[in-house]
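**Q** Structure in structure tokens, see below.
The values are calculated or read from the model by the stated rules, or taken from the named source; none is laboratory data. The model shown is predicted, which means the values in this text are computed figures rather than measured ones. Neighbour counts are summed over all protein chains in view; Cβ atoms, including those assigned to glycine, are modelled from backbone coordinates with ideal geometry.
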Amino acid sequence: MIRELIPSKNEDDNSLLLRELPGLYNHPETLKFISFTLKDFKKETFEKYLKHHAENGIKYFAEMRGGKIAGLVMVAENDVSGAELSLLIVNPEFRGEGIGKKLSEYAIGFIEKKGFLAMRVAVYCDNLKMLGMMIAFGFKPFAMEYHKRDDGEDLLWLKKYFRKDN
């Protein structure tokens, strides 16, 4: 079951994220897809993220299994800059169960219900699984940042447009 985590208002959610995020972010199969520098994220980084995300319109949605985060999606929403699927991580223990797809569908539906006309996502070009999933969801490339990651990998920006009938 997917539930929203609100670390700025719920100490249990804050503690859960501070406990689980380092292992999720810094896992070798994940780090290269979420880090510009390929360096492990530090505890202080997560504390700063959780403190500032609420004021920047970041929402956390997690699929929970046995008290653990099986998967996490972060969505940014801003009436000026738009909507973005900021992060998608699936715990390696639970990969292959469709959690990434489920969380992505949830995030897309959440943003569409909020009335946004589009949603963007940035994906490293070597993350073929994520690229394929986003394209299957109807996202289309619109920009490329060359050599964005410190190993030279490119970052592809994709956008999904929501049809609004008048």
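**Q** Got a sec? Which of Ala136, Ala122 is surrounded by 12 or more Cβ atoms within 10 Å (Cβ to Cβ) and either in contact with a helix residue (DSSP H, G or I) (Cβ under 7 Å, 6 or more places away or on another chain) or on the phi < 0 side of the Ramachandran plot (or both)?
**A** Ala122
**Q** Among the residues of segment 6-22 satisfying the criterion of being among the acidic types (Asp, Glu) and under 18 Å from the mean Cα position of the chain (by Cα), which is nearest to Asp40 (Cα to Cα)?
**A** Glu20
**Q** Taking the options Glu105, Glu77, Glu47, name whichever one is modelled with pLDDT of 95 or more and acidic (Asp, Glu).
**A** Sole residue among the options that is modelled with pLDDT of 95 or more and acidic (Asp, Glu): Glu105.
**Q** Picking from Leu24, Leu72, Leu87, which residue would you name as being within 16 Å of Leu5 (Cβ to Cβ), outside any loop (DSSP other than H, G, I, E, B) and touching a Ser or Thr at 6+ places or on another chain (Cβ under 9 Å)?
**A** Exactly one residue qualifies, and that residue is Leu24.
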